[in-house]
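Take a look at the structure set out below.
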Amino acid sequence: MAKWGNLEGGRHKMTTEIKTIRPTHLEFDTEEEMNNFINYATNTKKTSGPGLDRLRHLMKTHKRAPEKK
């Protein structure tokens, strides 16, 4: 449940309780599957595509709207 937190810079900040992360148990049939998963999970290459590239560009160039008084 979201709650209203303290004021910071004249703004209300919403706070939400954080749920704990449950450990995940994975089983693989072969060592090759395990190595493929590890390579995928630790890869730093971003997923590419025209839509994702445009979204990244929009987020990078986004300017915040001025605050109303």
What accessible surface, in Å², does a 1.4 Å probe find on Thr47, ignoring ligands, DNA and RNA and rounding to the nearest 10?
90 Å²
Using the Kirkwood radius over Cα pairs, work out the Stokes-Einstein diffusion coefficient for the stretch 23-69 at 4 °C and 1.567 mPa s, in µm²/s as a whole number.
88 µm²/s
In straight Cα distance, which aspartates and glutamates are under 16 Å from Lys45, not counting same-chain residues fewer than 8 positions off?
Asp53
Per-residue SASA entry for Glu67, accessible area with 1.4 Å probe, Å² rounded to 10
120 Å²
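The values are calculated or read from the model by the stated rules, or taken from the named source; none is laboratory data. It should be emphasised that the depicted structure is a prediction, and the values quoted were computed from it without experimental measurement. Side chains are part of the model used for accessible areas, which takes the heavy atoms of the whole protein and leaves out ligands, DNA and RNA. Shrake-Rupley method; radii C 1.70, N 1.55, O 1.52, S 1.80 Å.
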